[in-house]
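K.L.:
Sharing a structure with you now.
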Amino acid sequence: MSVTTTKGDTTNNQDTKANTISEASTPTRYDRAALWEHPDRFYHRHIGPSAQEIQGLLETCGFETLDQLVDTAVPAGIRMKDSLNLPEPATEAQALAELRSMASKNRVFRSFIGAGYSDCITPGVIQRNILENPGWYTQYTPYQPEIAQGRLEGLLNFQTMVTDFTGLEIANASLLDEPTAAAEAMTMCFGLKGNETKQKILVASGCHPQTIEVIKTRAAPLNVEVEVANPATAELDSSIFAVLLQYPDTRGKVADYSTIVEKVHANDGLVIVATDLLALTLLTPPGEWGADVAVGNSQRFGVPLGFGGPHAAFFATRDAFKRRLPGRLVGVSKDVSGRPALRLALQTREQHIRRDRATSNICTAQVLLAVIASMYAVYHGPDGLKAIATRLLYFTRLLAAGLRRLGYELVTEPAFDTFQIRLRNMTSAEIAKIAEGHQINLRCVDDQTIGIALDETTTESDLNRLFQIFNGDKAPDFAARDLADEVSVEVSEPFARKSSFLTESVFNRYHSETEMLRYIRRLESRDLSLTTSMIPLGSCTMKLNAAAEMFPVTWPEFNRLHPFAPLNQAEGYLELFKQLESWLVELTGLEAVSLQPNAGSQGEYAGLLAIHAYHRNRGEGHRNVCLIPTSAHGTNPASAVMAGLRVVAVACDDQGNIDLSDLREKAETHRDNLAALMVTYPSTHGVFEETIQSICQIVHDSGGQVFMDGANMNAQVGLCRPGDMGADVCHLNLHKTFCIPHGGGGPGM
């Protein structure tokens, strides 16, 4: 809104001053068109530099206007000719109202589906002071330990928690999700044991289905053979470099794997176990019965379901394998005064050194969510966690006893929180229909089998409703309390845990909310976040996420949906996805968007697989060379190798720009096998290279595709688009360009 005011005399007495202020505040001419819009626009509050700071920048750079600066920085040939076809901008209040409307279309049922995802209770002291606190969710990656001691302690607690529960010697500071962690374990084991005659991984059929699918996808580019079978009956010969087991498995069963472990080790293979941290408070840790790697998800430790993520996964292994560990490792060191201090002892940032020989392409970690999970363990302590697990086991066995009384056959005995039953006179669809009337979701395994998984939030009332559902929607002649004498909470041998866990003082001191609050605040004070100052580090665009952008994260309509809930319960989410996809298509100038990759590293990997599929579909599946500038981010060559490509480096000139003559030479040399070029734009040194269209054309002329690393997409939005300059595939880091919080290590979206 444009306003012209009258300047009054401010030299008189107080009354005169008051009159002057009143007169000066009264507009004498209005831009009537602007009055239709609310004056408090988003950018007024969230564009960091002030008008004076922008003017100082322009004077320093020798420009009069921002438009002149942009015209000089961005090549004219790639500038957008038309404005973006996007809706009018909304105020924060309008955006929240629209999100509320979407959220209302989601229906939050009680989901007893399981399969690696459980509803849980986020303690209020953790939700309020970590998840909703910009002092925790705005930090940058902890590359400078002196300004990251608080979150490094939270991550050290996470590592300690994981090693204690799994019975292994070393754990990283989180990964992206359980299937990805399992795939990383496969890759590590293949690097350790794989050879020309050892190319197979045996995946137990009892693993969660999403894990099996990700393993298959990640194995293909490595030429790893995946066999999905029952490990108890499969042939465990010397062609197997690793076996992946689930403990408890997706059906809720636990098995004695000691014989399998002996056979695999005898043939020089390794054993990976996907497991459940809460179950390990009661069950023998995998490390104690021979597992070499343990992976899983820490979601049920206070992290909301969120329709599937983001969640922090874990990865634990033996100390002998620490140099192969993906992700990050927090270590205890000493500062210059000899006092204990924390640092990243190992980090996947070593990609910048190892590049195509890196152990993994994952360059970030779920720091914020790993901290939440570790604080959940700190708050409850070993006794509290065991009490939660014991109650859960008790309720599961009560439910099983009641269903037996109703005449159902148990396919699997409940070893912890999950079991399956065989139906009698009804189909799974008929039971699911009754359950829907009670706003309950069950897992329909097949037409005659249903799986049930309870969780921390399960109540006595839930049990009685489940009895009614399986009794044809009629209340049975008993209730949950009537079954109390029929069940025990004892864990049979050899599965009962005997070893202690979480013995460190940090897990045994902060069990009142007051103590926990002070501990969280103390750690927060040891960190530099955007609540304190700007963070002049790294390539990740750091911004103080608007509070309005963070509110919906904790709305139950968004964060309590199970990822396998029926889609008719997620209509708000589907609308949100469709809207976001269409906007990203417009912003990138490309034709389709996938929201599936859960980090920049996975976006790179998915994009390269799409390019490989394109070539294969054209009968050119032999194309396997990936050109990568020497200036590229370390994840680029690591991703290319993971995708089964051979990396060929392209030189850069003295200013860091791609050397066109070297690119032409390499593209011509590898013309018959060129699959892709990976290019970051603007480049990693912040420049819009003038030759980007020529770069793309050279690659296309040689039969290759262009993958554009969208890490710096924030500099393109509204000015130029990857698709218009010749890119075929692009990934976006939403925490850099849009509004997902970094939280010390990036998002899972």
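The values are calculated or read from the model by the stated rules, or taken from the named source; none is laboratory data. Predicted model only: the values in this text are computed from it and were never measured. FYI the Cβ positions are ideal-geometry reconstructions off the backbone, even for glycines, and counts take in every protein chain you see. Remember, those area values only see protein heavy atoms, side chains included, never the ligands or the DNA or RNA. Shrake-Rupley method; radii C 1.70, N 1.55, O 1.52, S 1.80 Å.
K.L.:
When ligands, DNA and RNA are left out and all protein chains stay put, how many square angstrom of accessible area per residue does the stretch 362-453 have with a 1.4 Å probe?
P.N.:
So the stretch 362-453 comes to 34 Å² accessible per residue, rounded to a whole number.
K.L.:
With label points built 7 Å along Cα→Cβ from the Cα atoms of Ala90 and Arg128, find their separation and express it in nm.
P.N.:
Simple spin-label model gives 2.9 nm for this pair.
K.L.:
Starting from the Kirkwood radius over alpha-carbon pairs of the stretch 407-501, derive D by Stokes-Einstein at 4 °C in a medium of 1.567 mPa s and give it in µm² s⁻¹.
P.N.:
After rounding, the answer is 88 µm²/s.
K.L.:
Any chance you could list the semi-axes, whole Å, largest first, of the equivalent ellipsoid that the Cα gyration tensor gives for the chain, using √(5λ)?
P.N.:
Semi-axis lengths for the chain are 46, 35, 26 Å.
K.L.:
Which of the listed residues, Ala432, Ala389, Leu403, is farthest toward the dipole's positive end in the stretch 388-464, when Lys, Arg count +1 and Asp, Glu count -1 at the beta-carbon?
P.N.:
The one lying farthest along the dipole's positive direction is Leu403.
K.L.:
Determine the sum of side-chain charges near Asn733: Lys and Arg each +1, Asp and Glu each -1, restricted to other residues whose C-beta is under 13 angstrom from that of Asn733.
P.N.:
0
K.L.:
Now a separate question. Quick one: compute a quarter of the convex hull surface over the Cα atoms of the stretch 45-119 and quote it in nm².
P.N.:
10.5 nm²
K.L.:
A further question on this structure: The stretch 659-677 to the stretch 573-645: how many Å between their Cα centroids?
P.N.:
Here the answer is 20 Å between Cα centres.
K.L.:
At a 1.4 Å probe radius, carbon and sulfur cover how many percent of the accessible area of the stretch 597-749?
P.N.:
Here carbon and sulfur together make up 47 percent of the probe-accessible area.
K.L.:
Could you work out how much longer the chain between His438 and Gln68 gets when fully extended? Use 0.36 nm per residue separation minus the Cα distance between them, nm to one decimal.
P.N.:
127.0 nm
K.L.:
If you don't mind, another one. Let me check I have the definition right: for the stretch 25-84, take the eigenvalues of the Cα gyration tensor, multiply each by 5, take square roots. What are those semi-axes in whole Å, largest first?
P.N.:
Three semi-axes, in Å: 28, 19, 12.
K.L.:
Select from Pro39, Ala606, His265 the residue farthest towards the positive end of the dipole of the chain; place +1 on Cβ of Lys and Arg, -1 on Cβ of Asp and Glu, and compute about the Cα centre.
P.N.:
His265
K.L.:
Given labels modelled 7 Å from the Cα in the Cβ direction, how far is it in nm from Val489 to Lys334?
P.N.:
4.5 nm
K.L.:
A further question follows. Counting only protein heavy atoms, what percent of the accessible surface of the stretch 522-590 is carbon or sulfur at a 1.4 Å probe?
P.N.:
It is 62 percent, rounded to a whole number.
K.L.:
What is the Cα centroid distance between the stretch 700-749 and the stretch 377-446, reported in whole angstrom?
P.N.:
44 Å
K.L.:
Arranged from highest to lowest average of other beta-carbon atoms within 10 Å per residue, in what order do the peptides 291-303, 160-172 appear?
P.N.:
Most protected by this proxy first, the peptides run 291-303, 160-172.
K.L.:
Normalising by the residue count of the stretch 399-552, find the relative contact order in percent from Cα pairs under 8 Å and 6+ residues apart.
P.N.:
Averaging sequence separation for qualifying contacts and normalising by length gives 16 percent for the stretch 399-552.
K.L.:
Of the peptides 658-664, 604-610, how do they stack up when ordered by the mean number of other Cβ atoms within 10 Å, highest first?
P.N.:
Put in order of decreasing packing, that is 604-610, 658-664.
K.L.:
Suppose R0 equals 22 Å; then what is the FRET efficiency for Thr427 and Asn568 from their Cβ-Cβ distance, rounded to the nearest 0.05?
P.N.:
0.70
K.L.:
Can you list the aspartates and glutamates whose alpha carbon sits under 18 Å from that of Lys578, skipping same-chain ones fewer than 8 residues off?
P.N.:
Within the straight-line limit of under 18 Å, Lys578 reaches these aspartates and glutamates: Glu88, Glu98, Glu557, Glu586, Glu591.
K.L.:
While we're on this one: Given the pairs Lys193/Lys322; Lys386/Lys498; Lys253/Lys386; Lys81/Lys736; Lys193/Lys263, which are separated by over 22 angstrom at their Cα positions?
P.N.:
Lys81/Lys736
K.L.:
Further question: FRET efficiency for Ala649 and Ala547, Cβ-Cβ distance as r, R0 = 45 Å, nearest 0.05?
P.N.:
For Ala649 and Ala547, the calculated efficiency is 0.50.
K.L.:
Averaging sequence separations of C-alpha pairs under 8 Å and six or more residues apart, then dividing by the length of the stretch 156-279, give the relative contact order as a whole percent.
P.N.:
27 percent
K.L.:
Treat each spin label as a single point 7 Å out from the Cα along the C-beta direction, and report the Gln579 to Glu409 distance in nm.
P.N.:
According to this spin-label approximation, the distance is 5.0 nm.
K.L.:
Here's something else I'd like to know. Place a point 7 Å from Cα of Thr390 in the direction of its Cβ. Which residues in the stretch 273-315 have their backbone N less than 19 Å from it?
P.N.:
277-285
K.L.:
Dividing the convex hull volume of the Cα atoms of the stretch 454-609 by its residue count, what figure in Å³ per residue is obtained?
P.N.:
Spelled out: Cα convex hull of the stretch 454-609, divided by residues, is 303 Å³.
K.L.:
Looking at Val506, Phe63, Thr684, which one has the Cα that reaches farthest to the positive end of the dipole of the chain (charges on Cβ: Lys, Arg +1; Asp, Glu -1)?
P.N.:
Val506
K.L.:
What do you get for the angle between helix 600-617 and the principal long axis of the chain? Use alpha-carbon atoms, 0 to 90 degrees, nearest ten.
P.N.:
80 degrees
K.L.:
Using the heavy atoms of the protein chains alone and a 1.4 angstrom probe, what is the accessible area of the stretch 143-182 per residue in square angstrom?
P.N.:
Result: 21 Å² of accessible area for each residue.
K.L.:
Determine the gain in length on full extension of the stretch Leu660-Ser533; use 0.36 nm per residue of separation and subtract their C-alpha separation, reporting nm with one decimal.
P.N.:
Length gained between Leu660 and Ser533: 41.7 nm.
K.L.:
Using DSSP to define loop residues, name the GluC sites (Glu not before Pro) in the stretch 198-307 whose beta-carbon has at most 14 other beta-carbon atoms within 10 Å.
P.N.:
Of the GluC sites (Glu not before Pro), the ones in loops of the stretch 198-307 whose Cβ has at most 14 other Cβ atoms within 10 Å are Glu235.
K.L.:
Long-range amide H contacts for Ala341: which residues qualify at under 5 Å (H placed 1.01 Å from N, peptide plane, sequence gap of 5 or more or a different chain)?
P.N.:
Amide H to amide H, under 5 Å and 5 or more residues apart or across chains, Ala341 pairs with Ser333, Lys334, Asp335.
K.L.:
While we're looking at this one, here's another question. Taking only protein heavy atoms into account and a 1.4 Å probe, give the accessible area per residue of the stretch 609-749 in Å².
P.N.:
Heavy-atom accessible area per residue stands at 36 Å².
K.L.:
If packing is taken as the mean number of other Cβ atoms within 10 Å per residue, what is the order of 632-645, 709-722, highest first?
P.N.:
632-645, 709-722
K.L.:
How much of the accessible area of the stretch 315-442, probe 1.4 Å, is carbon plus sulfur, in whole percent?
P.N.:
Whole-percent figure for carbon plus sulfur exposure: 48.
K.L.:
So, one more: Let me check against my output: what whole-number percent is the relative contact order of the chain, with C-alpha pairs under 8 Å and at least 6 apart?
P.N.:
So the answer I get is 18 percent.
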